[in-house]
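Each remark here refers to the structure printed beneath this line.
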Amino acid sequence: MQKILFVCLGNICRSPMAKFILQDRVNKAGLADKFEIDSAATSSYEVGEDIYPPAREKLKEHSISSNGHSARQITKADYAYYDRIIAMDNSNLKNLEKLLGKDKDNKISLLLDYTDEPRDVLDPWHTRDFEATWKDVNNGLDGLVRDLGYDELSRS
Ligand code: 4NP
């Protein structure tokens with residue numbers, strides 16, 4: 001079982017996109033029993049909120065459902081429970097350290113570290129460009145699933 005938690009600032013755009021896209025790939029490949037995937041925020045700003053409508057629309061364009069989301073803030077119990085905690089940008093990493101302390105189990109990484117071009121995932125809250133974020137997240141997921149040994153879940 002691979003237990004993966006995606007993390008961003010608000011848990012209404014980037015990390016839910018990563019969660020729903022990876023869950024969709026996993027479901028389509030018949031691997032749902034091998035993965036547990038969730039997402040969380042570093043902040044409490046949007047706790048209880050649904051996915052942000054433009055992020056929902058971007059997923060819908062690709063026939064990916066995003067039902068049942070409710071933003072939540074990461075906890076120390078999440079750090080203990082999940083195998084990999086995958087952040088969207090460097091400011092998320094700083095906030096995670098404040099919330100959780102040092103990454104003593106080496107579980108925390110950045111999504112685009114799994115690509116040939118490591119950098120922050122573009123933040124659509126600021127750019128308003130949900131297509132660019134869609135591309136970043138999918139590229140990161142391609143690398144992540146290969147790193148996990150599930151090449152069949154990668155588009156490349
Ligand atoms: P997310 O986007 O971290 O990708 O969910 C944001 C959502 C809310 C805020 C910032 C980014 N905010 O400042 O409220």
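Our note on the geometry: Cα centres of region 40-112 and region 119-155, 14 Å apart.
The Cβ shell under 14 Å around residue 146 holds other residues with a net charge of -3, Lys and Arg each +1, Asp and Glu each -1.
Which of the peptides 103-113, 24-34, 80-90 is most tightly packed, and how do the rest follow, going by the mean number of other Cβ atoms within 10 Å of each residue?
On the way: 103-113: 16.3, 24-34: 13.9, 80-90: 19.2.
Ranked by mean Cβ neighbours within 10 Å, highest first: 80-90, 103-113, 24-34.
In plain terms, the chain from residue 45 to residue 105 could stretch by 18.9 nm, reckoned as 0.36 nm per residue minus the Cα-Cα distance. Annotation: amide H-H contacts under 5 Å for residue 6 (H modelled 1.01 Å from N, sequence separation of 5 or more, or interchain): 38, 39, 40, 86. Averaging over all projection directions, the Cα-based convex hull of the chain occupies 8.4 nm² in the image plane. For region 74-141, lysine pairs with C-alpha atoms less than 29 angstrom apart, excluding pairs fewer than eight positions apart on the same chain, total 11. One way to sum up the overall shape of region 99-156 is the equivalent ellipsoid from its Cα gyration tensor, whose semi-axes run 21, 19, 8 Å, largest first.
Rule-based calculations on the coordinates, nothing more; no lab input. The model shown is predicted, which means the values in this text are computed figures rather than measured ones. Note that we place each Cβ from the backbone using ideal geometry, even for glycine, and neighbour counts take in every protein chain shown.
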